[in-house]
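Contents: one structure, followed by commentary.
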Amino acid sequence: MPYAFAPATDPLAIGERQWAVAALTPPCGRRAVVGLRFSRLGPCLGLAAPLPGARAFALCLSRASPTLVPVSPSGIEAAVGLLRAAGYVSGAPGPALLIGPVDAWRRGAAAAYAALHAALPGAARELPLVPGSYGLAFNADGALAVVAGGG
């Protein structure tokens, strides 16, 4: 099976090679309201971005397919194609986020990681995080933010 993506059946449980788009609500007081959640980022890298209309996109990139086909620049092109099809324009309404083991991807999937940065020039912000479940929410300033533990 080649490296391919599928829509997540639940935007609060985005698994490997899955993506979702969801409306996000503003925070309730100081508490973030999670609208998208990665089930687990370990070896996977999360690609997330705010979209027009108070929505956001999230995709979980794994370094290989279920049959161990490594992610390639064409797989990255497909991921960024899904992001653009969801309505993202480079850098607007905010930067794309690369969440998780960015250093491991830089070393172990260098061609794919370089292709990802080339597809999102100047519009990506890296958030190196330890393995875990992470949610996405808008912060008090209206920017897309990562919520540890997903809750």
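Per-structure values
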| item | result |
| --- | --- |
| Lys, Arg +1 and Asp, Glu -1 on Cβ, resulting dipole of the chain about Cα centre, debye, nearest 20 | 140 debye |
| Span from the segment 1-70 Cα centroid across to the segment 79-96 one, whole angstrom | 13 Å |
| Fraction of beta bridges assigned by DSSP in the chain that are antiparallel (%, nearest 5) | 75 percent |
| Globularity ratio of the chain, using Cα Rg and 2.2 N^0.38 Å | 0.95 |
| Relative contact order, percent, the chain [alpha-carbon distance under 8 Å, six or more residues apart] | 28 percent |
| On Cα atoms only, tilt of 110-119 relative to the major axis of the chain in degrees | 50 degrees |
| Using alpha-carbon coordinates, inclination of helix 73-85 to the longest axis of the chain, degrees | 30 degrees |
| More than 19 angstrom apart: percent of Cα pairs within segment 1-67 | 35 percent |
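Just so you know, all these numbers are worked out from the coordinates, no wet-lab data involved. Remember, predicted model here, so these are calculated numbers, not experimental data. Virtual Cβ from ideal backbone geometry, glycine too; neighbours counted across all protein chains shown.
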